Structures are given as structure tokens and as C-alpha cells.
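Structure first, commentary second.
Just so it is clear, none of the values below were taken in a lab; they were calculated from the coordinates. Quick caveat: nothing in here was measured; it's all calculated off a predicted structure. Reconstructed Cβ throughout: ideal geometry from the backbone, glycine too, with neighbour counts over all protein chains shown.
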Amino acid sequence: MFDVLLLNADYRPVRVLDWQRAVCMLLDNKVIRVADYNGRHIRSANLTLPWPAVITLRRYAKQLGRLRFNRTQLLARDGHTCQYCGYAPCNAKGEPARTNLTMDHVVPRALSVGGRVTLPWNGRKVPVSSWENLTTACRSCNQRKGARLPEQARMALRTLPRRPSNYEGVQLMFSLRSVPEEWKDFIPVAA
């Protein structure tokens, strides 16, 4: 239906809420309504409210959760591009063809000990399936690399995998959805 964009007190986007949660926050006086969906209203037996499109927290919240790790977010982080050869498949509409790309464990699962691997570029131990150890790869690069480190397969990563910041996570969120007109003044512009 009509989701609501939640901004922090500094007007940076935090997340997208369903309208019911947004109305509860409005009624609890935790947020301020910034923009409404034109001509839309929420009605109850006792109350009629303009349908909020954008709300902001009354108080600044330091950190509001971490970006969830999943395949869709990983592909968006890597620009729907193979991080080994640069292949960026598109469908007939010119949109990214997600089915032609895979997730590659940079440090293979076979090298994990207790579900963790040591990253060769910084020596950190991370879970085998994490932001820091997974990258986007086309099928042929993933097969070519196999259960080896990129150096062993004589392949180079274009960018090292890393956890996106919360702000970058918001940018990823907007790259994956159509953005309502009412939100456009409040969303980050991709660099």
C-alpha cells in the first residue's frame, strides 16, 4: 500500500515503515509529519488524518539497527556486477538480471574453522557467510574460482567486500524500489 519514509532528527533517511507503524508513532508523539500523500486520508471512527508520506523522529537516534544481509542487498551493494570480470547482465527492459549472478565466498567455505574464516586482506575473523566474505560473481567466474582464494585462481577482486554503513544501506534500499514522488526531496542522491 502506501509506505512511509522515516527520517532521523537530522532529516537523514532511516528506513521505510508500514503506514500502521507510522500512525502509531504519530499518535504516540514520537515523530513529526513532514509530508503527506496528496488527497489521501486515514480514517477511524473518531479521527481523520492526512496519510503520512514522510515522518521524522523528534529526537536524534544514534544507531537504528544494522543492515540485514541477504542476496538482494548483496547484489545491490556490488551494483549487480561481477566483482571479478565486471560483467553486468541486463534483461530486455535494461534492468539488472539478478538470476545470472551468484554469491561467491571470497574465502571458501572449505577453509572455514568453526563457521569462521580469516580474511587475507586484513586478518579479521568473520562468519563464512557475511558482508565481508561474500561478493557478487557471474557463473563462469564463480566456477573458475571454485574452492580457492582469488589469488590461487589468478583472479583479482575489483572491490573488497565490506559491510555497508547504515546510510549506504538506505541508498541500497532506494535502489531496489520505486520511490514515491513525496519522498524524492528526502532521499540520498547516488554518487
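Just wondering, is there one or more residues in segment 119-140 that are touching a strand residue (DSSP E or B) at 6+ places or on another chain (Cβ under 8 Å), more than 17 Å from Asn70 (Cβ to Cβ) and in contact (Cβ under 8 Å) with a residue 40 or more places away in the chain?
Quick first cut of segment 119-140, residues touching a strand residue (DSSP E or B) at 6+ places or on another chain (Cβ under 8 Å) only: 119, 124-129, 132-139.
Narrowing the set further to residues that are more than 17 Å from Asn70 (Cβ to Cβ) leaves 119, 124-125, 138-139.
Now drop any that are not in contact (Cβ under 8 Å) with a residue 40 or more places away in the chain, which leaves 138.
Yes: one or more hits.
Could you please give the count of residues in segment 104-115 that are within 14 Å of Asn142 (Cβ to Cβ) and surrounded by fewer than 16 Cβ atoms within 10 Å (Cβ to Cβ)? Here the count works out to 1.
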